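The values are calculated or read from the model by the stated rules, or taken from the named source; none is laboratory data. All values reported here derive from a predicted model rather than from experimental measurement. Virtual Cβ from ideal backbone geometry, glycine too; neighbours counted across all protein chains shown. To get the accessible areas, we keep the full protein, side chains included, count just its heavy atoms, and leave off ligands, DNA and RNA. Shrake-Rupley method; radii C 1.70, N 1.55, O 1.52, S 1.80 Å.
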Amino acid sequence: MSSIAARFLLLLALLPLAACDTAERQDDFVDEASAVPAGFARTGEDGQIQEDDKDDWRTSPVYGGKVRFDPAFPNPTAGSLVTLSLTVLEFNAVQGGLVLRGRDANGSLRTLDDLPEASEPGVHAFLFSPSILARTGLVRVFVFDRLGEIVTYGDLFLE
């Protein structure tokens with residue numbers, strides 16, 4: 001067998017291992033997203049980061065290198081509209097768009113905004129009123145793909 005053929009077979013054998021690793025890292029990411037909110041990225045009205053939270057707005061392993069999120073702003077907020085910007089880096093990286101959801105005062109998952117056009121490369125933004133959640137304090141919100149996979153999450157402080 002030639003060395004090229006042997007390398008090709010080795011590469012084919014390693015691909016399922018890489019997929020398993022991504023699945024395990026995604027499971028860990030989902031567990032972290034399910035944790036109690038703690039801290040938040042403090043941002044101004046203009047989106048300027050005043051105090052970062054390295055846990056918030058990380059991109060999931062499934063979407064790593066395909067989608068990037070900027071911290072939501074303003075945060076904290078006292079009822080004004082909140083913006084969550086994202087950049088889709090690859091064509092067809094997100095099939096069917098993205099949905100932003102958060103838990104309301106009853107614990108039900110509510111849709112805050114929907115971006116069906118986020119399947120196209122470029123800058124996109126969720127725009128929503130946190131009053132939909134009818135809550136105050138630290139609240140975790142989530143971005144899901146159309147299959148229900150968590151793409152990112154972050155905490156907002158609602159005053």
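Observations, loosely collected:
- The phi-based Karplus calculation (6.51 cos²θ - 1.76 cosθ + 1.60; θ = phi - 60°) puts the 3J(HN,Hα) values of region 109-116 at 7, 10, 7, 9, 6, 9, 10, x Hz, whole numbers, x for Gly and Pro.
- Top positive-direction residue, dipole computed over the chain with Cβ charges, set 147, 41, 122: 147
- Across the chain, C-alpha contacts under 8 Å between residues 6 or more apart give a mean separation that, scaled by the residue count, equals a relative contact order of 22 percent.
- Taking amide H as placed 1.01 Å from N in the peptide plane, the amide H of residue 138 sits under 5 Å from that of 158, each at least 5 places away or on another chain.
- Environment charge of residue 81, counting only residues whose C-beta is closer than 15 Å and scoring Lys/Arg +1, Asp/Glu -1: -4
- Charge tally in the Cβ shell below 10 Å around residue 49, where Lys, Arg are +1 and Asp, Glu are -1, residue 49 excluded: -3
- Portion, in percent, of the accessible area of region 77-159 that falls on carbon or sulfur, probe 1.4 Å: 51
- Positive dipole terminus of region 69-115, leading residue within 107, 91, 71 (C-beta point charges): 107
- Hz values of 3J(HN,Hα) by residue in region 95-108 - Karplus curve (6.51, -1.76, 1.60), Gly and Pro given as x: 7, x, x, 10, 10, 9, 9, x, 8, 7, 4, 8, x, 7
- Note that region 38-107 shows a convex hull volume over its alpha carbon atoms of 131 Å³ per residue.
- Projected label distance in nm at residue 81 and residue 110, using a 7 Å step from Cα toward the beta-carbon: 1.8
- Close amide-amide hydrogen proximity is noted between residue 67 and 89, each under 5 Å apart and 5 or more residues distant or on a separate chain (H modeled in the peptide plane; Pro and chain starts excluded).
- In this Cβ point-charge picture (+1 for Lys and Arg, -1 for Asp and Glu), region 20-159 has a dipole of about 300 debye about its Cα centre.
- All C-alpha pair distances within the chain, sorted into 5 Å bins from zero, spread as 2, 9, 17, 20, 18, 13, 7, 4, 3, 3, 2, 1, 1, 0 percent across the bins.
- Rounded to 10°, Cα long-axis angle of helix 3-33 versus longest principal axis of the chain: 20
- Relative contact order [Cα under 8 Å, 6+ residues apart], region 90-159, whole percent: 33
- Percent antiparallel among DSSP beta bridges (both partners in the chain, rounded to 5): 95
- Note that the chain presents 54 Å² accessible area per residue, ligands and nucleic acids not counted, probe 1.4 Å.
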